[in-house]
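Reading through the C-alpha cells given below for one structure.
The values are calculated or read from the model by the stated rules, or taken from the named source; none is laboratory data. Note that this is a predicted model, so its numbers are computed, not measured. We place every Cβ from the backbone using ideal geometry, glycine too, and count neighbours over all the protein chains shown. Note: areas computed on protein heavy atoms with side chains; ligands, DNA, RNA excluded. Shrake-Rupley method; radii C 1.70, N 1.55, O 1.52, S 1.80 Å.
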Amino acid sequence: MNTLQQHDQQQLADVDQLIGIDEAGRGCLAGPVTAGACVLGRGFFESSEAVELSAAINDSKQLSAQARAEQLVIIEQLRDQELLDFEVASGSVEEIAELNILGATRLAMRRAVEGLAARANGWELPLLAADGPLFETAGGVRIIVDGRPLKPFLYTHTGIVKGDGKSLSIAMASIAAKVSRD
C-alpha cells in the first residue's frame, strides 16, 4: 500500500466513511471554481482490486492533463464497482463576484459533499454545532479538506495542508475537480 492509501486507511480506523475534498480553479483569473469530493468506506481497503487500482493515483499537481484524465478513468471504474463515490460541483463566476472566491469555493465544496450525501445509503453528514469544535468527528463520517480548515463551513472537518499529496480521497477529489474544470 502506498502512503496516500495508508493515510486514508488510518483515517477510517474509527469512522465508517471518509470524504476527501479539494478544489480547482481558485487561482484562475476567469471561470468557475470547481470542487470535488470523494468518499471511501472501510470496505474500500478490503478489496484487493480497489487497493491495486488506486495505487496509481497521485497528487494531481504532479500529473499532466493526460495522466489526470487516465487516473479519472480508474476512479470512475472504482465508482462503477461501487467501491467509492465522487461528486464534482461548481461555484459560478456570478457567485464568485457575489461571495468572493473563498465563499464560492466553500459553496462548491458544500454542493459536492451534499451531492454525495444525497446518494448515500445510511449515513449523515456531521453538522458543525454553532458552539462546537471545528475538528470534532461526528457520526460515522469524517470529512477532510485539502488546505486549512474552512471557516465558516456547515460540516465538521479537518484541514490537511497539501492534502492532495497525503490523502488518497483528497487526491481523487482533486483529479475529478481538475479534469472536470479543464
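Scanning segment 142-177 for residues that are in a loop (DSSP other than H, G, I, E, B), among the hydrophobic types (A, V, I, L, M, F, W, C) and out of contact with any helix residue (DSSP H, G or I) (no Cβ under 7 Å at 6 or more places or on another chain) yields one hit, Val161. Screening the candidates Ala56, Ala13, Ala37, Ala24 for the property of being of a type in the set (A, V, I, L, M), within 26 Å of Tyr155 (Cα to Cα) and open to solvent by 20 Å² or more (accessible area, probe 1.4 Å) yields one hit, Ala13.
Here segment 71-81 is the region considered, the condition is being touching a strand residue (DSSP E or B) at 6+ places or on another chain (Cβ under 9 Å) and either of a type in the set (Ser, Thr, Tyr) or free of Cβ contacts under 8 Å to residues at least 12 places away in the same chain (or both), and the residue that is surrounded by the fewest Cβ atoms within 10 Å (Cβ to Cβ) is Glu76. Scanning segment 110-145 for residues that are at pLDDT 65 or above and over 22 Å from Glu82 (Cα atoms) yields Arg110, Pro126, Val145.
Residue by residue through segment 59-70, note down the ones that are in a helix (DSSP H, G or I) and open to solvent by less than 70 Å² (accessible area, probe 1.4 Å).
Ser60, Ala65, Ala67, Arg68, Ala69
The set of residues from segment 71-83 being part of a helix (DSSP H, G or I) and under 20 Å from Arg142 (Cβ atoms) comprises Ile75, Leu78, Arg79.
Give Phe86, Phe45 a once-over and let me know the one that is of a type in the set (Phe, Trp, Tyr), in a helix (DSSP H, G or I) and open to solvent by 10 Å² or more (accessible area, probe 1.4 Å). Result of the check over Phe86, Phe45: Phe45.
Looking at Arg68, is it in contact (Cβ under 8 Å) with a residue 12 or more places away in the chain and among the charged types (D, E, K, R)? Quick ask: steps written out before the conclusion?
Numbers: in contact (Cβ under 8 Å) with a residue 12 or more places away in the chain: yes; among the charged types (D, E, K, R): yes.
Yes; evaluated as a whole, the condition is true for this residue.
There is at least one residue in segment 96-106 that is touching a residue at least 60 places away in the same chain (Cβ under 8 Å), in a helix (DSSP H, G or I), in contact with a Gly (Cβ under 7 Å, 6 or more places away or on another chain) and surrounded by 14 or more Cβ atoms within 10 Å (Cβ to Cβ).
One residue is enough: does segment 146-164 have a residue meeting the conditions among the polar types (S, T, N, Q), closer than 23 Å to Gln62 by Cβ, buried (at least 18 other Cβ atoms within 10 Å of the Cβ) and modelled with pLDDT of 80 or more? So far as segment 146-164 goes, no, none of its residues is among the polar types (S, T, N, Q), closer than 23 Å to Gln62 by Cβ, buried (at least 18 other Cβ atoms within 10 Å of the Cβ) and modelled with pLDDT of 80 or more.
On the given criteria, is Glu76 out of contact with any helix residue (DSSP H, G or I) (no Cβ under 6 Å at 6 or more places or on another chain), at pLDDT 95 or above and of a type outside the set (Lys, Arg)? Considered against the rule, which asks whether it is out of contact with any helix residue (DSSP H, G or I) (no Cβ under 6 Å at 6 or more places or on another chain), at pLDDT 95 or above and of a type outside the set (Lys, Arg), Glu76 comes out as yes.
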